[in-house]
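Only one structure is covered here, and it is reproduced in the block below.
The values are calculated or read from the model by the stated rules, or taken from the named source; none is laboratory data. Predicted model only: the values in this text are computed from it and were never measured. Using ideal geometry, Cβ is built from the backbone for each residue, glycine included, and neighbour counts are taken over all protein chains shown.
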Amino acid sequence: MALLEINDLHTFFETKKGTVKAVNGVSYSVDEGKTLGIVGESGSGKSVSAMSILKLLDGNGRIDSGSIIFNGRDLADVKGNDMCKIRGNDISVIFQEPMTSLNPIFTIERQLSEPFMVHQKMSKKEARKQAVEMLRSVKIPNPESVAKQYPHQLSGGMRQRVMIAMALACQPKLLIADEPTTALDVTIQAQILKLMNELKKERGTSILFITHDLGVINEMADDVAVMYCGQVVEKAPVRTIFGKNSYSHPYTEGLMFSIPRLDTPAGVRLEAIPGAVPHPLDLPKGCKFAPRCKYATDKCREEEPELVSIEENHVIRCFYPEKGVRSDGKK
Ligand SMILES: Nc1ncnc2c1ncn2[C@@H]1O[C@H](COP(=O)(O)OP(=O)(O)OP(=O)(O)O)[C@@H](O)[C@H]1O
Ligand code: SF4
Ligand SMILES: [Mg+2]
């Protein structure tokens with residue numbers, strides 16, 4: 001069952017140069033106890049779609065239309081104080097850089113005990129005890145002494161664990177993780193991902209996992225939504241995206257070709273997707289991926305494809321979703 005269901009979400013920013021349609025008709029859902037991975041290059045609207053859920057948009061941003069159904073309630077209509085109750089209590093978020101979320105002038109113990117005092121009305125003593133338990137649950141060695149430290153005294157990996165502990169403090173139903181390991185080295189990244197997977201299993205937390213790294217998606221996600229220029233271009237279970245499949249979006253295919261895989265034959269070069277993501281105020285006519293797509297035809301340059309169902313649980317926004325049928329000779 002879906003815990004979160006985003007339907008036809010449009011989130012816009014007003015700028016001096018015009019309206020940036022950062023999220024332009026996005027639909028995706030996160031099932032209970034499952035992880036939805038959102039992948040796409042920089043600027044594709046991954047973070048803005050997630051921040052729309054929490055109403056944490058910059059001052060010039062607004063949800064123009066669409067619905068965000070969480071636990072049966074449309075968050076697009078929830079205002080002010082009610083949203084504060086949902087943030088932290090029901091939905092938590094972990095960002096890429098923990099230093100932006102941790103307060104440098106307070107100890108870890110003080111920051112970690114706050115949600116227990118505010119949301120669960122615990123006494124200071126109880127909350128501090130609980131804070132140490134949370135540090136233990138995210139596998140921080142010597143949690144009692146780490147609790148007394150300030151954020152700058154911890155390594156990047158430790159800070160990210162503290163962030164996870166903080167995000168999980170009130171046992172949220174949904175955890176939004178926006179590039180949570182991008183700033184960490186690979187070994188620490190692997191430990192944090194393993195930890196998140198364990199916590200998901202133990203607590204049944206649903207996770208919206210945002211990354212530009214398909215390798216990480218493969219390890220973390222049950223389902224995948226691929227985003228490009230403010231839209232979902234493909235959505236499927238992770239095994240469909242990574243398995244041998246007759247259908248795919250050319251953008252997903254391009255992302256796949258650009259990552260090293262164990263089954264890549266020796267000597268085969270990895271291919272980068274040519275060109276760059278278009279500026280949001282200067283989007284091409286027709287399919288937004290057409291200027292970079294080796295399969296683009298005149299039709300693609302004129303008309304915009306819809307997101308269509310190709311097979312069960314698999315939708316693609318492309319006129320030529322079948323791999324064997326499209327060819328780069330089709331101009
Ligand atoms: N406050 C704002 N004003 C104008 N445009 C904005 C604002 N915030 C975001 N955008 C634009 O919205 C688009 C989507 O941004 P978003 O941050 O969601 O991308 P992303 O997919 O998360 O990229 P990244 O991988 O770099 O984090 C971008 O083109 C960005 O420039
Ligand atoms: S619609 Fe055309 S340009 Fe767009 S992704 Fe499909 S083949 Fe490429
Ligand atoms: Mg982002």
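Considering only the stretch 30-37, I want to know if a residue exists there that is under 13 Å from the mean Cα position of the chain (by Cα), at pLDDT 95 or above, within 16 Å of ligand 3 (Cβ to nearest atom) and surrounded by 19 or more Cβ atoms within 10 Å (Cβ to Cβ). Yes, the stretch 30-37 has at least one match. Here is a check on your reading of the model: is residue 145 without any contact (Cβ under 8 Å) to a residue 12 or more places away in the chain and more than 25 Å from residue 56 (Cβ to Cβ)? Here the answer is yes, as residue 145 does meet what is asked. With a requirement of 1 or more residues that are of a type in the set (Ser, Thr, Tyr) and touching a Lys or Arg at 6+ places or on another chain (Cβ under 9 Å), the strands (runs of 3 or more DSSP E) lying completely within the stretch 1-100 that satisfy it span 2-15, 18-31, 35-39. Can residue 135 be described as in contact (Cβ under 8 Å) with a residue 40 or more places away in the chain and either away from ligand 2 (no atom under 16 Å from the Cβ) or more than 20 Å from the chain's Cα centre (by Cα) (or both)? Against the criterion (in contact (Cβ under 8 Å) with a residue 40 or more places away in the chain and either away from ligand 2 (no atom under 16 Å from the Cβ) or more than 20 Å from the chain's Cα centre (by Cα) (or both)), residue 135 does not qualify.
The residue list 80, 43, 66, 72 contains one member that is within 14 Å of ligand 3 (Cβ to nearest atom) and outside the structural domain of residue 131 (by TED's automatic domain parsing), which is 43. Would you mind stating whether residue 177 is under 20 Å from residue 111 (Cα atoms), modelled with pLDDT of 90 or more and in contact with a Ser or Thr (Cβ under 9 Å, 6 or more places away or on another chain)? In short, yes. Put simply, of 33, 18, 37, 72 the only residue that is closer than 27 Å to residue 199 by Cα and either out of contact with any strand residue (DSSP E or B) (no Cβ under 9 Å at 6 or more places or on another chain) or within 16 Å of ligand 2 (Cβ to nearest atom) (or both) is 72.
Among the criteria (1) more than 10 Å from ligand 1 (Cβ to nearest atom); (2) not assigned by TED's automatic domain parsing to the domain that holds residue 152, the one residue 14 does not fulfil is (1). Restricting the search to the stretch 272-295, which residues are within 20 Å of residue 321 (Cβ to Cβ) and either modelled with pLDDT under 90 or in the same structural domain as residue 225 (by TED's automatic domain parsing) (or both)? Within the stretch 272-295, 273 is the sole residue that qualifies. Taking the numbered list (1) within 21 Å of the chain's Cα centre (by Cα); (2) at pLDDT 90 or above; (3) polar (S, T, N, Q) in turn, residue 246 passes all entries but (1).
For the subset of the stretch 182-215 comprising residues that are at pLDDT 85 or above and part of a loop (DSSP other than H, G, I, E, B), which member is surrounded by the fewest Cβ atoms within 10 Å (Cβ to Cβ)? Only one residue fits best here, namely 204.
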